[in-house]
Amino acid sequence: MKKIAVLPGDGIGPEVMEQACRVLKACENLGEDVPEFELEYGLIGGAAYEQHEAHFPVETHKICERSDAILFGSVGGPVAEADKPKWHKCEANSLLSLRKAFSFNANLRPVQVYPELNHISPLKAELIEKGIDMLIVRELTGGIYFGEHRRFEKEGKRFGSDICEYDEDTVRAIAHVAFQAAEKRDRRVTSADKANVLDSSRLWREIVSEVSAEYPAVTLEHMLVDNCAMQIIRNPSQFDVLVTTNMFGDILSDAAAVLPGSLGLMASASLNASGFGMYEPSGGSAPDIAGQGIANPIAQILSVALMLKHSFGLMDASDKISAAVTRTLQSGFRTGDISQPDDKVLGTAEMTDQILKELSEG
Ligand code: IPM
Ligand code: MN
């Protein structure tokens, strides 16, 4: 039996999580190696604030601690209410605390464009015809996010300062994650940095190069982050594994997230050195469509697939979920975010019904 901490959060979080949990429970019938999943629900984000006046309450921390993996929904509220205490710093308080509490140093963000959805990608057909299948590996516990943050005054002027620091162990750890992932893929790593300006990036480049010597079958290319941002749009097919710092990874992964045409399709995994992981959709809480039953459940369902693969080594069950999603899309089923004018649009639960049907038949 495996214990899953389920943190639905805010906005569309609860409704897509409900569907993802149906898929998770359905996986129990996929094979003898699949254990039973016991779900323990916890509050996070604005939903937690309402009851505990904290975005990541102690109670939720405890639930995560006694679980084998964390399934996370989404957090945050409407932009217009951003100053209310319930929403103030909600995303950062929830996510950064979780990352820190469990030392999730590696953030894996797979970016794929489904050929059947090529037409909803904002890129021109000729830029994506070769296919896009990249894995962004973002360092998640170091860099400018976790350096000293400071506001101060000097000579009557207001200052703000955030220190960007990396030590060699942190860089080495994420480099290994990237090379090991590449060994199972197309064996190419691109490392994005700003080594023409920053010392932290020069260290990054040095260590990534050192680590690459241990992976002779994998090729390494260093790329400056500004060029990399351009390449993600101009020629995204060139990338296999893209490894980068916390801050650059935050930005580049949002740029890459545009390629599939909807954030509702993208899942991500955050892992620590001992393999404990948290899985979540890449999109936000989408408060504008929350509660209507129209959100795309695919990102949350693919988070389950990532969890089965990375936390439990259930490759077969994980692949079956991904394949069921692909076949559902191939059959023409769409939620609103990925639909075209003549498509028949399904709601969150109906889309999941189709995926479950494919899963049981596949
Ligand atoms: C992300 C988010 C977070 C980050 C925010 C909400 C703190 O943008 O997961 O990419 O910057 O890491
Ligand atoms: Mn981000």
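Is it the case that Tyr215 is under 25 Å from Thr326 (Cβ atoms), more than 15 Å from ligand 2 (Cβ to nearest atom) and not small (Gly, Ala, Ser)? Write out each step before concluding.
Values: under 25 Å from Thr326 (Cβ atoms): no; more than 15 Å from ligand 2 (Cβ to nearest atom): yes; not small (Gly, Ala, Ser): yes.
The answer is no for Tyr215.
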Right, Ser274: in contact (Cβ under 8 Å) with a residue 60 or more places away in the chain and closer than 30 Å to Cys64 by Cα or not? no
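Within segment 322-345, how many residues turn out to be within 16 Å of Pro115 (Cβ to Cβ) and either surrounded by 18 or more Cβ atoms within 10 Å (Cβ to Cβ) or at pLDDT 95 or above (or both)?
Residues of segment 322-345 that are within 16 Å of Pro115 (Cβ to Cβ), as a first pass: 322-323, 325-334, 338, 340.
The next check asks that each one be either surrounded by 18 or more Cβ atoms within 10 Å (Cβ to Cβ) or at pLDDT 95 or above (or both); those that pass are 322-323, 325-334, 338.
Within segment 322-345, residues that are within 16 Å of Pro115 (Cβ to Cβ) and either surrounded by 18 or more Cβ atoms within 10 Å (Cβ to Cβ) or at pLDDT 95 or above (or both) number 13.
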Matching residues in segment 144-168 - criterion: being outside any loop (DSSP other than H, G, I, E, B), out of contact with any helix residue (DSSP H, G or I) (no Cβ under 6 Å at 6 or more places or on another chain) and either among the charged types (D, E, K, R) or surrounded by 12 or more Cβ atoms within 10 Å (Cβ to Cβ) (or both): Arg150, Arg151, Glu153, Lys154, Lys157, Arg158
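Here is a yes/no grid of residues against (1) over 20 Å from Arg138 (Cα atoms); (2) at pLDDT below 95; (3) away from ligand 1 (no atom under 16 Å from the Cβ):
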site: Leu252; (1), (2), (3): no, no, no
site: Ala269; (1), (2), (3): no, no, no
site: Phe276; (1), (2), (3): no, no, yes
site: Gly284; (1), (2), (3): no, yes, no
site: Asp288; (1), (2), (3): yes, no, yes
site: Gly293; (1), (2), (3): yes, no, yes
site: Gln300; (1), (2), (3): no, no, no
site: His310; (1), (2), (3): no, no, yes
For segment 229-259, which residues satisfy the criterion of being surrounded by fewer than 23 Cβ atoms within 10 Å (Cβ to Cβ) and without any contact (Cβ under 8 Å) to a residue 60 or more places away in the chain? Ala229, Met230, Gln231, Gln238, Ile251, Asp254, Ala255
Please work out which one of (1) within 20 Å of the chain's Cα centre (by Cα); (2) hydroxyl-bearing (Ser, Thr, Tyr); (3) under 19 Å from Leu263 (Cα atoms) is the condition Thr335 fails and give its number. (1)
Answer yes if at least one residue in segment 117-134 is under 27 Å from Val225 (Cβ atoms), buried (at least 17 other Cβ atoms within 10 Å of the Cβ) and within 14 Å of ligand 2 (Cβ to nearest atom), and no otherwise. no
Return the residues of segment 188-205 that are touching a residue at least 12 places away in the same chain (Cβ under 8 Å) and surrounded by fewer than 15 Cβ atoms within 10 Å (Cβ to Cβ); say none if nothing qualifies. Asn196
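Residues checked against (1) more than 21 Å from Leu271 (Cβ to Cβ); (2) buried (at least 18 other Cβ atoms within 10 Å of the Cβ); (3) within 22 Å of the chain's Cα centre (by Cα):
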residue	(1), (2), (3)
Val6	no, yes, yes
Leu30	yes, yes, no
Pro35	no, no, no
Leu39	no, no, yes
Glu50	yes, no, no
His55	yes, yes, yes
Cys64	no, yes, yes
Gly77	yes, yes, yes
Ala82	yes, no, no
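The values are calculated or read from the model by the stated rules, or taken from the named source; none is laboratory data. This structure is a prediction, so every number in the text was calculated from the model and none was measured. Quick reminder, even Gly has a Cβ in these numbers, built from the backbone with ideal geometry, and neighbours come from all protein chains shown.
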